[in-house]
Structure formats: C-alpha cells, structure tokens
Amino acid sequence: MEAVSSTAGLHHAGEAEHHHGPPAAHRSSRVDPQLLGMLLFIISEIMVFGAFFTAYFFIRVVDGNPWPAEGTELPKLIAGVNTAILLSSSITLHWALEAIRRGNRAAFKAGMATTFLLGATFLFVQINEYVHIGFAPSNSAQASVFYGLTGLHGAHVALGLMILLMVTVRAFRGHFSPEEHRGVEVPGIYWHFVDVMWVIVYCTVYLL
Amino acid sequence: MTAKLRAPGWYRAALFILLGLAFSYALVGVVRTLMHYPDAWSDGNAITTVSLIAIPLFFLVGLGCFDYWFYYAAGRPTRAEDHSSHGATSWKAYFRVNTDHKVIGIQYICVSFFFMFLGGLIAMLMRAELAQPGMQFVDSATFNGLFSVHAALLIFLFVIPVFAGIANYVLPLMIGAPDMAFPRLNALSFWMLPMAGLLLTASFFAPGGAFASGWTAYAPLSTDMPLGQVFFTIGVQFAGASSIATALNFLVTIITMRAPGMSFFRMPLLVWANFSTSLLVVIATPFVAASQFFVLLDRALGFNFFDAFVGSGKNGSVLMYQHVFWFYSHPAVYIMMLPGFGIVSEVLSVKARKPIFGYRMMAFSLLAIVALGFTVWAHHMFVSGMQAWIRVPMMITTAIIAVPTGIKIFSWLATLWRGVLHLDTPMLFALGFLTTFTLGGISGVMLSMIPFDIYVSDTYFIVAHIHYVLFGGSLFTIFAGIYYWFPKMTGRMYDERLGKIHFWCTFVFFNVTFAPMHLLGLDGMPRRVADYAEQYATLNLLVTIASFALGLSMLVFLYNMVASWRGGPRAAANPWRALTLEWQVSSPPPIFNFDAVPTVVGGPYEYGVPGAVHGIFQSPTEAKPTPAGSVATSPTRE
Ligand code: HEM
Ligand SMILES: [Cu+2]
C-alpha cells in the first residue's frame, strides 16, 4: 500500500486533490471540483453573513432602534477610503492572475505582493478604527451588531490574507505556470467574495 | 522519543494539547494585561473558553490533519506518505488520520454509536428519576443538564454524523467513484467530531454543571448559564464545521465523480437523499454556527445581542436568537431524516424485489422538502411572542411540507404492493420505520395547527413527536442501513436471529415508551421538568419500565455487531442480490473500490425486470459482477 501511495512523489501547484494510488475518477461534470468546492464554501459563508445580517435586521428594523446608537458616530469617510483600498486589491489580484496566465512571472509576483499589502492595509485601518471609534460592543446591541458584522468580515479578511500569503510564498518560490494556476484562481475567488461582502457590509452598516 | 513527537500521531497530539493549553493561558493573560483587566492571569472562565477553542484545533494539528496543507502552503514538496495512508490493514488504522472513505465511514459510525450509547444511558438516568413523582436520584439542576446533554449528543453526535458515516462508506461506491472528492478534508471532518463529543460530555465536569438550557440553548438563558454552556456553544461549532465540510465534499463528489452513464436520474435514491441533505447542510448549518457565535460573543466579550432588559437600555433582541436558531434547526430535522429516506428506498426496493415506485417523484419530493424546509421555521415559535402575522403563513407551509413527505410514504407503500417481501432484519426495520414515522408525521401535522400547538406547547406531546420522528424515524432507518450494509462493510454476515429479536424488542418497547407520552402531553405534563404531579404517576412508571427494556434491547444489537464482526460467517459479495454498484465488488470492497471504473447502463432499481443491469465493468475479466451466494475473499480485513 505504501508503495502505491509513494509513487506520487512530488506535487505541484494546484494539485490539492491529487490522487496517488486510487485510479483517476471519471469526470462526470465539466466543473472543476476545487472550483465547485470553493463556490459551495462561499455559499455557506454567505449564510453566516446572512445570520449576522438577521441580527442587524432584528435590532435595527424590527425593533426600530436608532442607528447608530444615540451619541455615536460611524467614520463613513475613513471606511470609504478603506473600501477603495480593498476594492483595488481585487483589481491587482486579477492583474496577477492574468499575468501568470500569460507567463509573466515578474508581474505575477508583483501583483500578489501588492494585493497582500493592500489587504493588510485594510485590516490595519480597520483595527485602527476600532481603537478610535469611541464605543465598545458592550455599550448597546447596535454596537454589538457593528462589531459583529465588521469583525466577522475582518476575520474573513484575515483568513483571506493567510491564503494570499500562501499563494505569494509559492509564487516567489517559483510555483504556478500558465498551464497550472488553479492554486491562484481558487483563492482569488475567495478574495473577490470577501471584497464584495465588504461592499454590502459598508453600505448597510455605514451608509444606510 | 523526539521522532515520535515530531511525526503525526497520538504522541504529537498529546504534546499539542499541552501546547494549546499553554497558548490559551498566555493569550488570555497577555490580552487581559494589555486591557488592564483585574486578575489578568487567573480568570478561569476566560482561560477555559479560549482553551475550549484552541485545544481541539491544536489536537487536530498534532494528530496530523493539516500536515499536507502546511507543506503545500509553504511551497514545500508534499509527500504522499505524510498521512495519505489509504485503507486499513489492522484495527490500529482506525485510530489514525486516514483518507480512505471506507475507513472514515467506519470511524464515523463507531464514534457516533459510542455517543448513541452514552446518550441512551443518560436517557435511562432521566427515566429513573421520572419513574415516580418527587425527587429521587438527581436534583433538578442536574436533571436539566441531563436532558440537555442527552439531546445535544444524540442530535449533533449521533443522528447527523452517523448518516454522514453510512453515506461516506457507500456513496462513493454507489456512484462508481474511487473515493470522495477531497479525501483529506474528509478525514479532517471526521476528526473534529470526537472533539465535539468530548466537549459536550466534559461539560458535566464544569463548575456549575453541564449546560442546562436544552439542545435549543435559548438566549438569554444560555448567556446567563454557568460555564458548562460554553462547552455546548463551542462543541456545536466543531460538529457544525464538520458537517458543513462533509456536505460540501458529498456535493462535489456527486456532481463531479459519477461513473460514466450514471446520469442524475440513474443515481440510487440514497445518493439523491444525501445530495439534498448536503444542500440543506451547506445552506442552513451556518445559521446555527452564527447563533452560537452570538451567544459566545455575549458571554465572552461582553457583546449585547440578547440583552433585551428594558432597564439596561441595550436594545438586544431575544426573538432574534430563536429565528436564527430555528432557521437552522427546522432544516436540521430534515438533515436528520432525508438520508434515512434514502436508506429506506434502497432497502424496500431490494427486499421487495420490485422497482421503486415513482423514482422521479421520489427524487423531486426530496428537492421539494429542501426548498420548503426553509419556509417553516417559525412553527417552533408559535408561543414565543413573535409578530402574530407570521403564524398563519408558517402554519400553512408546515402543513404543505407534509405533502412531499406523504408522496414518499405512498411511493414506498406502492413499492411494497405485490412485492415478494423478504422479511429479514433490514426490511423489518424499514417497515417499522414506515409505521412509526407515519405516526410521527401525523403528530407533526397536528402540531402545525396553531390552536393545537398552543395547547400542547412544551408538554410531553412534543417529546412524543420528537421521538416518533427521530427514534422511530431516523434511528430505525439507521438500524436498517447498518444491517443492510453490514456484510459489505465488514465482509461478515450478522446473526439474523439476533437481528430479529433486536427489531421486535425495539419496535414493541419503543411504542410502549413513547406512545403514552402523547397522552401525558395532552393531559398537560410539561417537558424538561424533573418532577411532576401525582396524576401522571401510572403512565410514567410504565414509560420508565418500557424505556429500560428498550435500552436493554440495544445490548442485543451491540452484541450482534461485535460478535458478528469478529466471528460471523463470511459474507458474499452480493448477499441481497442487489443491483447498485456497491454490491458488484467484493465484501469488503478492494482498497480502491473498483479495479476498473464501471459503466452504468440502466436504472438502479430494475428488480424483477428480466435481464436488467445497472452497471457493467469495462474489463469483465478483472471485476465481473459476483453472482449471489458466492464467497468473496476479504482483501483488507482478516
Ligand atoms: C410532516 C412532517 C413534520 C411536521 C409537520 C412537523 C411539525 C412540527 C412542529 C409544528 C413542531 C413544533 C412543536 C412545538 O415546539 O410546539 C415540531 C417540533 C419538532 N419536530 Fe417536527 N414535524 C415534522 C417532522 C419532523 C421530523 C422528520 C423530525 C426529525 C427527524 C422532526 C423533529 C422535531 C423536533 C426535534 C421538534 C422539537 C424541537 C424542540 O422544541 O425541541 N419533526 N415539529
Ligand atoms: Cu420544525
């Protein structure tokens, strides 16, 4: 058995689901398994956010509480700038993916590094905002919802950054190629999801 | 020694548990110091809460669930022999991280049955207390803990995962796949489970006792509970993450790995059932995760989602908890039932030697249940004080959801019609399921009627309903499935006589135990209370006696399983003369399931149709369908 499984030897970019040993399965769908897995994962992520938005909905709309809680102010402008930062990271990520598709390694590495730095900046600004915002989650249910939603999103940014870091490390170690870049594409989808989710959070929590 | 501590396995897991403890202690201390909190380094509650999250994660890392991904992430060569050991050569393989779906399936089944027996023992302790009015063995706080842990274990650690285990074993075989789509994720999902179970069980040792707010953990009761509640809050997260990951895996496997020719409408209904269940899990389970996040945030970080006390001025909303919770937990009752529907479809068709009646309707009704299942959650909240206008729509949707369920019942009956019934143990359990589940469904429709529900809310009528659908429904199908696939999984036959004894004892004592609860409920005996009025004494004594007999009949099952696995007669490859693919390979199946990927040429249930074939093998010399009655050798287990 060991002999069977060790024939697989080295594994490279994107082969997260590699089959060493078992005969290759018949592909009954054109959809890539990892892509599908990521999409399903995103569906359940959307539902987690959905539950937090349910809390928002009950506390703000159903119970008709003032938003934000009396005597508090949400920094719309800084958060808006931060939104722009996060959105631009989606663009640089897309650029990186296109670069590796064309085989331009230098642009690919630069794109990944920029994306990571932009994401990290977003998180930094967010934490800074928490420090200076002037209210704590314990002050009111509105404050709890604010911290809950933005914190949940922040946790996703942190997770996304970890994944991006992985991709970046692998990029600098010479992995991925124009033929084999699923390991960039699939994490990329997650990152775009995190960005889109932020736009929704920003609109509902800060703007509306 | 250091080599042992560095290689993935139990030694490293033990080391990592210690590291996790140290990590939690340090994290809490440092953060509390930074925040200038009092007694920064000695707050037991905070340390326990953090370590309940950290220790399972550290354990998983230590055991080696993440090794491959760590190598991958670092861009290092991933070595296949890291922990991609496939298949089992001895019983020890079941205690390691194994990526073979057959091993994982058995791991799932054994672990969840362990918790089934544990939860059952707790139930018997409760029945002992309830044998007479007044307080006998436990005080009321302990009793609250008992029923909470009982329900939480049986729901989150038994019914949901045991179905995942059965499907893990048979589903890839049924669709002609060599394994699941993501074997390593599969292993990780399994190993989260024992951790979740340990947390729930360990809550008994927490100061203040086990969590005592029921399996529903309503806020603000749960936010004010002693520390034991956190064990539930976090344990459920691990169980939930495990079932989401498994569901995702099933969906990808079913969609992308079917054998050639296996169109969606040639899939066995068990595959359909798990497809629908997995959809429910992926969409609904995040809600229970979120509800427990809220509770955890309220408890641990001083959030105020649920502080609705007017004087406090915090504006929290307790109804929100119930909406979020039931938006998961009503779909969850179908998560606990649909896989059983699948099992029963397999068993009935094979044992009646007839094609399943209305195959397409069976598949569509599953999807209808999935869709409708999301529209009925507030029938659990008729007396909660929610907006009155939600009630009637929920009543109507709840009554409607009985229609697809009814379609299934009638299709099964039509399948039996004029069939050649083989009344062996799996079939008996399937027939028993039909009877008891129908009764449970009827009490369900009664409960959907608002006036009736208000009358019996929080009485033993609910307990009767729950157990008719979960014990008489889910558990009977689980038994049917375990007996049915026992030969395939172990390569041995179980003892038919003991199986029948087990069925009849279970069936009779189940009904004697739970039927009187309907009457108790109608008479107004409240659920979840350790003591009761004199007038309920007679029926309660009867229930207690029957429940002990029911518990004893589970020992017959246990003995049968253990003894047959060790020394039962060798099983043929296809003892039931079934058509589905899992029966066309040896028992137990070869290590990679199929030597050649089979080709599907017909429907899965063409029993009694002359010359009908479901799957053929491309190279007939290597793996031809084994004729019934022949003795297959067992390659992996001796
Ligand atoms: C025809 C189908 C069904 C209908 C119409 C139905 C209806 C209901 C209703 C209205 C309630 C709320 C009772 C109350 O708390 O006042 C209820 C409770 C419950 N049902 Fe069902 N049900 C059905 C099937 C099932 C199935 C298949 C399961 C599980 C396998 C299930 C499990 C439960 C559980 C666990 C509760 C109690 C929850 C609790 O408060 O602890 N039901 N059901
Ligand atoms: Cu329900």
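The values are calculated or read from the model by the stated rules, or taken from the named source; none is laboratory data. Quick caveat: nothing in here was measured; it's all calculated off a predicted structure. In this analysis, Cβ positions are derived from the backbone assuming ideal geometry, glycine residues included, and neighbour counts consider all displayed protein chains. Areas reflect the complete protein model, heavy atoms only, side chains present, ligands, DNA and RNA absent. Shrake-Rupley method; radii C 1.70, N 1.55, O 1.52, S 1.80 Å.
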(message) With just the Cα atoms defining each centre, how far is the stretch A:92-133 from the stretch B:552-570? Give it in Å.
(response) 59
(message) Over the Cα atoms of chain B, each weighted equally, I'd like the Debye log10 I(q)/I(0) at q = 0.06, 0.12 Å⁻¹, rounded to two decimals.
(response) -0.33, -1.34
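Do any GluC sites (Glu not before Pro) in the stretch A:110-197 lie in a loop, going by DSSP, with at most 16 other beta-carbon atoms within 10 Å of their beta carbon, and if so which? Show your work: numbers first, answer last.
Numbers: sites: A:Glu129, A:Glu179, A:Glu180, A:Glu185; in loops: A:Glu179, A:Glu180.
Hits after loop and neighbour filter: A:Glu179, A:Glu180.
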(request) With an 8 Å cut-off on Cα pairs and a minimum separation of 6 or more residues, tell me the relative contact order of chain A in percent. (result) 30
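Show that you can apply the helix-only estimate: for chain A, add -39,500 (n - 2.57) for every DSSP H stretch of four or more residues, divide by all residues, and state [θ] at 222 nm to the nearest 500.
Working: 6 runs with 136 residues, N = 208.
Calculated from helices alone, the mean residue ellipticity at 222 nm is -23000 deg cm²/dmol.
Can you put B:Lys92, B:Lys102 in order of accessible area, largest first, using a 1.4 Å probe? Walk me through the intermediate numbers first.
Numbers: B:Lys92 105, B:Lys102 15 Å².
Sorted descending by solvent-accessible area, the residues read B:Lys92, B:Lys102.
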(request) Report the percentage of all Cα-Cα pairs in chain A whose separation exceeds 25 Å, rounded to a whole percent. (result) 48
(message) In the protein assembly as shown, if the dipole is taken from +1 on Lys/Arg beta carbons and -1 on Asp/Glu beta carbons about the Cα centre, which of B:Pro268, B:Ala290, B:Phe115 is farthest to the positive end?
(response) B:Pro268
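Treating only the Cβ atoms of Lys and Arg (+1) and Asp and Glu (-1) as charged, compute the dipole magnitude of chain A about its Cα centre; round to the nearest 20 debye.
Values: 11 positive and 14 negative charges, 96 e Å.
My answer is approximately 460 debye.
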(message) Pairwise over distinct Cα atoms, reciprocal of the mean inverse distance: report the Kirkwood radius of the stretch B:94-336 in Å, one decimal place.
(response) 19.0
(request) With runs of 4+ DSSP H residues as the only contributors, calculate the mean residue ellipticity of chain B at 222 nm using -39,500 (n - 2.57) per run, divided by the residue total and rounded to the nearest 500. (result) -20500 deg cm²/dmol
(request) Taking trypsin sites (Lys or Arg not before Pro) as candidate sites, keep only those in a DSSP loop with at most 13 other Cβ atoms within 10 Å, then name the longest stretch of chain A containing none of them. (result) A:31-172
(request) Compute the FRET efficiency between B:Phe410 and B:Leu367 as 1/(1 + (r/R0)^6), taking r as their Cβ-Cβ distance and R0 = 22 Å, and round to the nearest 0.05. (result) 0.80
(request) Answer with one residue from B:Ser365, B:Val252, B:Trp10: the one whose Cα lies farthest towards the positive end of the charge dipole of chain B, charges on Cβ with Lys, Arg +1 and Asp, Glu -1. (result) B:Val252
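Determine the dipole magnitude for chain B: charges of +1 sit on the beta-carbon of Lys and Arg, -1 on that of Asp and Glu, nothing else is charged, the reference point is the Cα centre, and the result goes in debye to the nearest 20.
Working: 33 positive and 26 negative charges, 302 e Å.
For chain B, the charge dipole is close to 1440 debye.
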(message) Tell me the accessible surface of B:Asp139 in square angstrom (1.4 angstrom probe, heavy atoms of protein chains only), to the nearest ten.
(response) 90
(request) Compare the Cα positions of A:Ala25, A:Gly71, A:Leu149 along the charge dipole of chain A (+1 at Cβ of Lys, Arg; -1 at Cβ of Asp, Glu; about the Cα centre) and return the one farthest towards the positive end. (result) A:Ala25
(message) Given a Förster distance of 22 Å, report the FRET efficiency between A:Arg173 and A:Arg101 from their Cβ-Cβ distance, rounded to the nearest 0.05.
(response) 0.70
(message) Quick check: pseudo-label points 7 Å beyond the Cα along Cα→Cβ at B:Arg76 and B:Ala128, how many nm apart are they?
(response) 5.2
(request) In whole angstrom, note down how far apart the Cα centers of the stretch B:459-481 and the stretch B:206-268 are. (result) 19
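Under a point-charge model restricted to the Cβ atoms of Lys and Arg (+1) and Asp and Glu (-1), what is the dipole moment magnitude of the protein assembly as shown relative to its Cα centre, in debye to the nearest 20?
Details: 44 positive and 40 negative charges, 380 e Å.
Roughly 1820 debye for the protein assembly as shown.
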(request) Report B:Tyr68's accessible area, 1.4 Å probe, all protein chains in place, as a number in Å² to the nearest 10. (result) 10
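At R0 = 35 Å, how high is the FRET efficiency between B:Phe548 and B:Leu423 if r is their beta carbon distance? Nearest 0.05 is fine. Could you put the intermediate results ahead of the total?
Numbers: r = 28 Å, r/R0 = 0.79.
It comes to 0.80.
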(message) I'd like the distance between the alpha-carbon centres of the stretch B:578-612 and the stretch B:85-137, rounded to an integer number of Å.
(response) 31
(request) Quick one: P(r) of the protein assembly as shown from all Cα-Cα pairs, 10 Å bins, percents rounded to integers, in order of increasing distance. (result) 2, 12, 22, 26, 21, 13, 4, 1, 0
(message) Students often forget the sequence filter, so: which lysines lie under 18 Å Cα-Cα from B:Lys4 once same-chain residues fewer than 8 apart are removed?
(response) B:Lys92
(message) For a quick size check, give me the Cα extents of the stretch B:2-73 along its three principal axes, largest first, whole Å.
(response) 41, 24, 19
